[in-house]
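> Below you will find the structure I want to go over with you.
The values are calculated or read from the model by the stated rules, or taken from the named source; none is laboratory data. These figures come from a predicted structure and were not determined experimentally. Neighbour counts are summed over all protein chains in view; Cβ atoms, including those assigned to glycine, are modelled from backbone coordinates with ideal geometry.
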Amino acid sequence: MITGLGVILVLGKAITDDYDEDDRTSKAPLRFGGGRMQLLPIDVNCPNCGSAAVTYTCEPKCCFNHLCGDCYCTFELVTKPSGERAVPEEKPRGERDSLAPTAPCAVCGSLEVFLAGEEPGRAERLVCVHCWSWLELRFEGIQPA
């Protein structure tokens, strides 16, 4: 087990905290202004019509194709690393909805990518809870019906 002092840049500020590299646990959660980080499923709107009726239509072994249930536009979700790392917290429990929007982590390839914010409905950024990298979400291959 490797334990060390981590220095993480979040929103331009250095945060230091002792954490365990093996199990990614932290003594203090990342703070967005006083609140504990909430991890929520990825929630996107169609890049063509703005609808929230978006479904993941494939499987990770193949691609990350999504479909809008209103205009039938197809597109893929991808991530881009921001170069920052989050302070590790407890990972969400339970199974994910297999039809919910999904994107792979651009750093480690994991599907454990979530929206992160202070409270439900106010998620601000994407974070991978496997490698704890902050990510940016991108749309690729947009094909209007």
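> Based on what the data block shows, is residue 111 aliphatic (A, V, I, L, M), part of a loop (DSSP other than H, G, I, E, B) and surrounded by fewer than 18 Cβ atoms within 10 Å (Cβ to Cβ)?
Taking the combined requirement at face value, the residue satisfies it.
> Please count how many residues of segment 43-73 are part of a loop (DSSP other than H, G, I, E, B), among the polar types (S, T, N, Q) and over 13 Å from residue 98 (Cβ atoms).
Looking only at that region, the number is 3.
> Name the single residue that is modelled with the highest pLDDT among those in segment 77-105 being aliphatic (A, V, I, L, M) and surrounded by fewer than 19 Cβ atoms within 10 Å (Cβ to Cβ).
Of everything passing the filter in segment 77-105, 78 is modelled with the highest pLDDT.
> Residue check: is residue 99 outside any strand (DSSP E or B), more than 11 Å from the chain's Cα centre (by Cα), under 19 Å from residue 54 (Cα atoms) and touching a residue at least 24 places away in the same chain (Cβ under 8 Å)?
Spelling it out, residue 99 is indeed outside any strand (DSSP E or B), more than 11 Å from the chain's Cα centre (by Cα), under 19 Å from residue 54 (Cα atoms) and touching a residue at least 24 places away in the same chain (Cβ under 8 Å).
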